[in-house]
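The values are calculated or read from the model by the stated rules, or taken from the named source; none is laboratory data. Note that the coordinates shown come from a computational prediction; the quantities given were computed from them, not determined experimentally. Here the Cβ positions follow ideal geometry from the backbone for every residue, glycine too, while neighbour counts run over all protein chains shown. Protein only, heavy atoms only, side chains kept; ligands, DNA and RNA dropped before computing areas. Shrake-Rupley method; radii C 1.70, N 1.55, O 1.52, S 1.80 Å.
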Amino acid sequence: MATKQVVLITGASTGFGRLFTETLARKGYTVFATMRDPGGKNAKNAAEIEALAKKESLAIHILDLDVTKDDSVDKAIKAAIDKAGRLDVVINNAGFPVVGLAETITVDEAQKQFDTNFFGCVRVNRAALPYMRKQKSGLLLHISSGAGRLVFPTFGFYCASKFA
């Protein structure tokens, strides 16, 4: 019997991350759905995902992971490895847009955008790759956007972060 592939997804509370979580779990993968603050800000989303997992007997595990914090990323990756024994796929999905005229976006807002959309992927990759290298296999998937290829009015910083 083949071992279930283990997938870790960032930004799994809503949107594409949530869709990936549900779809892959229904296809037989063991999924670690990560999100910021599943006991607080994302408690409702985490509870919905856990209820679905229970109802459909899906292998979904919720982990707290904030891609802007090294220790949070390291802790979540380690927790997934400790529980599943391996990590086959990482889907870097966490991200958000900052929208507005360039002169209205503060440097702090632009830095937060890049810290999540670009440096978040860097942190997750740095934490996951040593495990994947040790097991001699693994796949990193990065969810970007058409906005990574074209710039739309008021989306300049978002497009720049997705292009990065």
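Using 0.36 nm per residue and subtracting the Cα-Cα separation, the extra length available between K41 and D71 on full extension is 8.9 nm. Between R126 and E109, the simple label model (points 7 Å from Cα in the Cβ direction) yields a spacing of 2.8 nm. Extension gain, E48-K83: 0.36 nm per intervening residue step, less the Cα-Cα distance, totals 10.4 nm.
Among the lysines, select those whose C-alpha is under 25 Å from the C-alpha of K83, and discard any that sit fewer than 8 residues away in the same chain. Once the sequence-local lysines are set aside, what remains near K83 is K4, K27, K41, K44, K54, K55, K69, K75, K134, K136. Of the listed residues K136, K27, the order by accessible area with a 1.4 Å probe, largest first, is K136, K27.
Short-range pairs are left out: with C-alpha atoms under 8 Å and at least six residues apart, the relative contact order of the chain is 22 percent. With a simple spin-label model that places each label point 7 Å from the Cα along the Cα-to-Cβ direction, the separation between T14 and F96 comes to 0.9 nm.
Against the main long axis of the alpha-carbon atoms of the chain, helix 107-117 sits at an angle near 30°. For volume of the Cα convex hull per residue in Å³, computed directly from the structure shown, the correct entry in [x] 131; [y] 187; [z] 119 is [z]. Surface composition of the chain: carbon and sulfur atoms hold 58% of the protein heavy-atom accessible area at a 1.4 Å probe. Over the range 1-62, what portion of Cα pair distances is larger than 14 Å, expressed as a whole percent? Tail of P(r) above 14 Å: 49 percent of Cα pairs. Computed from the C-beta positions of K27 and V151 and an R0 of 41 Å, the FRET efficiency is 0.70 to the nearest 0.05. Residues in the chain average 57 Å² of solvent-accessible surface per residue, probe 1.4 Å, ligands and nucleic acids excluded.
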